[in-house]
Amino acid sequence: MNTANLGIIIAIIVYLGGMLAIGFRFSRKNNNVDDFYLGGRKLGPLVTAMSAEASDMSSWLLMGLPGVAYLCGIAEAGWTAIGLAIGTYLNWLIVAKRLRKYSEKLDAITIPDFFSRRFNDNSNILMGIAAIIIIIFFVPYTASGFSACAKLFNALFGMDYHLAMIISAVVIIGYTCLGGFLAASTTDLVQSIVMTVALIVVLCFGINTAGGWDAVVENAKSITAYLEMTRTTDGAGGIVPYDTLTIVSTLAWGLGYFGMPHILLRFMAIEDSKKIKTSRRIATVWVVISMSVAIVIGIVGLAMANVEPSMALKDSETIIVAISSLLSKKGFAFALVAGVILSGILASTMSTSDSQLLTASSSISQNLLVGTFKMKLSEKQNMIIARLTLVVIAIIGIIFAWNPNSSVFRIVSFAWAGFGATFGPLMLFSLFWRRTNKWGALAGMLSGGITVIVWHYLDGGLFKLYELLPAFIISSIFIVVVSLITKKPDDSVLDVFDSAKGDE
């Protein structure tokens, strides 16, 4: 084994071992399912902010975003980043505090649980449908995370894809199953730090290798439309206009935040709602800086290709892997640093997978078995079911990702639209419009989900719009119309709504 690989392997093993250690540490703090799935609402502002954003960004931050900038320039990457930054800020600004207080008043520990109790749905129809939606979208979403880890190890060391995936899955399952929500949130904080270090080191090393910042800028300027926001390259030398419809479609990604269960759960879990402002500032600043740096890395990587032939990439999303490989050849100490960078890619993937596992697990164990089917379980039995459910979902995820050539990654943007359209409008109306009733909520979820599916398979003209935007609008219309033409909520529901609003 050469020095470069040895240094990388040592850094990654230390990182993975640290994640498991965190799981062991928090395993003793899970006394009931409220602790396991929501951490007993004990998260501090820093952990809340960074775990929310780390679980949000996934490998897209360190692979997808730099890859798009490398291949096509800043238009698509830039507008996407702007939409996500605005969505992040607005989600923290208008949803976080009210959801934290409202969910505590209702004693809700999951998103389906919140919807059910918000509308006093004794039939648990809302809970059951919301839980099924989460399972449908999150299981393959989790599979994409397992697959990303496996492909990374396979590309670096030639490790068997299936073995690498199982090892990655075991680590993620291990610390999540042991420590639950607190372990997932704490590891997400650590992972956000690792991701930040990775971005900074890659940027500095890349600029130096490319010949300095001036060389990077000159290279970008020499490529037609590369630095423009209204035109983009197609990766093959062609120029494509980035028109208003495309810009609006790209910005619409930000709407997805209002419906992301694993992010909304962080709002519900913060210890003190008065500290949400601090969390919002931390989260927004980190998101803006990290996405900006990721885009610049793509630009730097393209400039590096002028001096390093290995940077002429066939797969633009491997840009950080390629830069890490170059760095590791400088000596053992640099190989350790390269290992930290590659651990950042693992971190970005794992921080999303652990949150998705917990959310999908809670949907089955708490919302379907206990909530919908009324199973009577003791606290000990509930904890056993919770952990077993998490393991089963992870195994299903492994099966989904077993084929290394599968197109499971395509599901990510589809799942984002699905959650954004089914839960996003309903979350906003649930928190801010007291006239919303159970039937409007049900109509909104179903119409949003159906629109996403139908729109996804249509093409041309207006159907070029990202399916999240039209589905979000249609869901909102259905919520309003159906709520107004059906019976208004009971006084008991309205009283709780007014009480939650009055606590602000």
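The values are calculated or read from the model by the stated rules, or taken from the named source; none is laboratory data. None of the values given here were measured: they were computed from a predicted structure. All Cβ positions, even for glycine, are placed from backbone atoms using ideal geometry, and neighbour counts span all protein chains on display.
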Among helices (runs of 4 or more DSSP H) lying entirely in the stretch 1-75, which contain 3 or more residues that are at pLDDT 80 or above and within 30 Å of K329 (Cα to Cα)? 3-27, 64-72
Would you mind stating whether L465 is of a type in the set (A, V, I, L, M), surrounded by fewer than 23 Cβ atoms within 10 Å (Cβ to Cβ) and touching a Leu at 6+ places or on another chain (Cβ under 7 Å)? yes
Within the stretch 154-174, which residues are at pLDDT 75 or above, among the hydrophobic types (A, V, I, L, M, F, W, C) and in a helix (DSSP H, G or I)? L163, A164, M165, I166, I167, A169, V170, V171, I172, I173
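Here is a yes/no grid of residues against (1) of a type outside the set (A, V, I, L, M, F, W, C); (2) without any contact (Cβ under 8 Å) to a residue 60 or more places away in the chain; (3) farther than 20 Å from I136 by Cα:
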| position | (1), (2), (3) |
| --- | --- |
| I398 | no, no, no |
| G420 | yes, no, no |
| F429 | no, yes, yes |
| I450 | no, yes, no |
| L468 | no, no, no |
| S476 | yes, yes, yes |
| V482 | no, yes, yes |
| T486 | yes, yes, yes |
| A500 | no, no, yes |
Taking the stated definitions as given, is F137 in contact with a Phe, Trp or Tyr (Cβ under 8 Å, 6 or more places away or on another chain), more than 27 Å from D495 (Cβ to Cβ), aromatic (F, W, Y) and surrounded by 21 or more Cβ atoms within 10 Å (Cβ to Cβ)? yes
Identify all residues within the stretch 56-95 that are surrounded by fewer than 24 Cβ atoms within 10 Å (Cβ to Cβ) and touching a Lys or Arg at 6+ places or on another chain (Cβ under 8 Å); write none if there are none. Y89, L93
Please work out which residue is surrounded by the most Cβ atoms within 10 Å (Cβ to Cβ), limiting yourself to the stretch 468-504 and to residues that are modelled with pLDDT under 85 and outside any helix (DSSP H, G or I). D503
Residue hits (the stretch 488-498; free of Cβ contacts under 8 Å to residues at least 12 places away in the same chain and either under 13 Å from R118 (Cβ atoms) or aromatic (F, W, Y) (or both)) are D495
Going through I295, I299 one at a time, which residue ends up being in contact (Cβ under 8 Å) with a residue 24 or more places away in the chain and crowded, with 23+ Cβ neighbours inside 10 Å? I299
